[in-house]
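Please treat every number below as a calculation from the coordinates, not as lab data. Please read these numbers as outputs of a predicted model, since none were measured by experiment. FYI the Cβ positions are ideal-geometry reconstructions off the backbone, even for glycines, and counts take in every protein chain you see.
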Amino acid sequence: MRHYESVIIGGGSAGLAAAVALKKQGIGDIVILEKDGEPGGILEQCIHNGFGLQTFKEQLSGPAYAERFIRMAEELGVEIKLNTMAVGLTRGREVEYVNPEEGDVTVSADTVILAVGCYERPRGAIGIHGPRCAGVYTAGQAQKYLNIDGYMVGKRVFILGSGDIGLIMARRMTLEGAKVLGVAELMPYSSGLPRNMKQCLEDFGIPLYLSHTVTKTFGKSRLEKIELMEVDDNRQPVPGSEMYFDCDTLLLSVGLIPENHLADDAGIEMDPSTKGPVVDDSYMTSAEGIFACGNGLHVHDLVDFVSLQAERAGEGAARYIRAKREGTEAGERRVSVRPGENVSYTVPALVHPDSAWGNVEFFFRVKAPLDTVSVVIRGGGRVIRTIKKRKMIPSEMERVVLTKDVIAGLSGDVVISVEPQA
Amino acid sequence: MTEKELICVNCPIGCTVTVKMEGDEIISVTGNTCPKGEAYARKECIRPERILTSTVKIEGGTHRVLPVITSEEIPLDVMFEAMEEVRKVSVKAPVSEGDVIISNLLGTGADVVASRSMAAAD
């Protein structure tokens, strides 16, 4: 069986950054398994700008951002197997993959990095009543058809869900000549970034219906009409609030879920809030030598953060390989990092105080929009850091850093909460 | 004096920028975290500008369309006119990222450039 130092599953922004980090750490015998015909992942269809301001100090399109990492990977001699789908993973780090050249192959590895991305919540997950006619797409699916394959999916469009992909598609389809009739959001606030509300909806006068949802679809072979209703505080439709829109297309932008059947295969512990694996400060999962990063770990709004975390995962894998070789054990003592008041999750969820190797960035999201609050980080019940924030919203991932010294001195669990300013 | 609150669209941070104006004159810009935020706010109060991204047809490439981007912001009020220009264009593979596809789009001074490289199909 062919053995690698690292097998990276997924050649998108996370997999590429992890591979580059491994090579830079001197770990040479690595391979990326990419199911598509080219590397780059979801960035290839995200042709809009706004990527890379933190990583490259430039505003790039998605494909241009990906191309920078593809070039870095090429220059460092990273092997990428294209059209290659990983179909199995064991706790003992055996990876089974298939592709048209080699057929069905199993390889083993010192480390596996899961950089598998996420998938879109489909129609079936939200239970809209109506016939299964053509014309209902997830926003990302329509984005791929338009930006990669060059096909418009419709002319009169309604969008359910104010996620960023939905907002970006509202603008994109408007510019391509479609009439976007509106965007409905179940919650009383947008789930997309404020800049996308501005530049994708307001710029083009597209109405946003907050606290509304699509309750019915109508049509025979193709969608003809949708029913929109207001929802109450319990997200239940308000009788009598029905509105109807004639449209041939309904786009769904109702959430992303980490793609984790491989992690499940390996029996890796999952976080019910992120729906991705639980990882420590090296981005290692509960299975030794298996790491996770990118949207397959938790769904990001900034690719720059994906690259950053994937780099940490790559460095973590490199440290793990070196420690194995040198026979040095990682510190046994672990403290957990938990979400407190108003916080939905934290990544990473574990740190090793006795083998702290550097500053650790913690990423989290708030559960609901909040004004004039403090992020309070407690360790063993004691306040370690307080950061004042004017405004916090669920659609923006937050980041706090704890220094190496603070990590090394931790005596008990870390809790990150967002509280009213004292 | 009037006060306007804007959301900067330069990057996903989306700073809330406050602009104080006296008639048509900008008195102060606050709330931005980088110089791009100030430049954005100043333009936004006079004639809003945006980056345009789209695709153009490509012959002989690995895909049917090539993503393109304007080299700088163009006025928001010419977007649909700009799209008509973009739609007229067809290029031939191979293309390198940054190749100029349309120069000086509608006299705005901005070029439309390829936002990725695309090899010729085998």
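Numbers below:
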item	result
Acute angle (nearest 10 degrees) that the helix A:303-326 long axis makes with the longest principal axis of chain A, alpha-carbon atoms	20 degrees
Volume per residue of the C-alpha convex hull in the stretch A:1-127, rounded to whole Å³	137 Å³
Kirkwood-Stokes translational diffusion coefficient of the stretch A:195-346, alpha-carbon pairs, 10 °C, 1.306 mPa s, µm²/s	81 µm²/s
Filter on A:K24/B:K43; A:K389/B:K36; A:K275/A:K391; A:K198/B:K88; A:K35/B:K92 - keep pairs with C-alpha separation over 31 Å	A:K24/B:K43
Ordering of B:50-57, A:160-167, A:375-382 by burial proxy (mean other Cβ atoms within 10 Å per residue, highest first)	A:160-167, B:50-57, A:375-382
Length added when fully stretched, A:R334-A:D203, from 0.36 nm per residue minus Cα-Cα	42.2 nm
Length released on extending from A:D265 to A:D104, taking residue separation times 0.36 nm less the Cα-Cα span	56.2 nm
Computed [θ] at 222 nm, helices only, for chain A once each DSSP H run of length n ≥ 4 contributes -39500 (n - 2.57)	-6000 deg cm²/dmol
Residue among A:D271, A:D280, A:D104 with the largest mean-square fluctuation in a Gaussian network model of chain A, springs linking Cα atoms under 10 Å	A:D104
Whole-number D in µm²/s for the protein assembly as shown (Stokes-Einstein; Kirkwood sum over Cα pairs; 20 °C, 1.002 mPa s)	87 µm²/s
Using alpha-carbon coordinates, inclination of helix B:79-88 to the longest axis of chain B, degrees	10 degrees
Nearest-ten-degree value, helix A:164-175 long axis tilted from longest Cα axis of chain A	50 degrees
Cross-link partners of A:K324 among lysines (Cα-Cα below 18 Å; sequence separation of 8 or more within a chain)	A:K23
Within the stretch A:95-147, trypsin sites (Lys or Arg not before Pro) in DSSP loop having at most 11 other beta-carbon neighbours inside 10 Å	A:R132
Protection proxy ranking of A:259-267, A:222-230, A:310-318 - average other beta-carbon atoms within 10 Å, highest first	A:310-318, A:222-230, A:259-267
Residues of the stretch B:89-103 with amide N under 20 Å of a point placed 7 Å along Cα→Cβ from B:T62	B:91-100
Set of aspartates and glutamates with alpha-carbon distance to B:K4 below 12 Å, sequence-local pairs under 8 removed	B:E22, B:E44
Share, in percent, of DSSP beta bridges within the protein assembly as shown that are antiparallel, nearest 5	65 percent
DSSP bridge orientation in the stretch A:122-254 - percent antiparallel, rounded to nearest 5	40 percent
Along each principal axis, Cα extent of the stretch B:53-114, largest first, Å	33, 19, 14
Added length on full extension, which subtracts the Cα-Cα distance from 0.36 nm per residue, A:R322 to A:Y189	43.2 nm
Three-way shape call for the stretch A:177-237 based on the alpha-carbon gyration tensor, with the a/c threshold at 1.5	oblate
Partner aspartates and glutamates for A:K220 [C-alpha distance under 20 Å; skip if fewer than 8 residues away on the same chain]	A:D246, A:D248
Scaled radius of gyration (Cα, divided by 2.2 N^0.38 Å) that the stretch B:2-46 gives	1.03
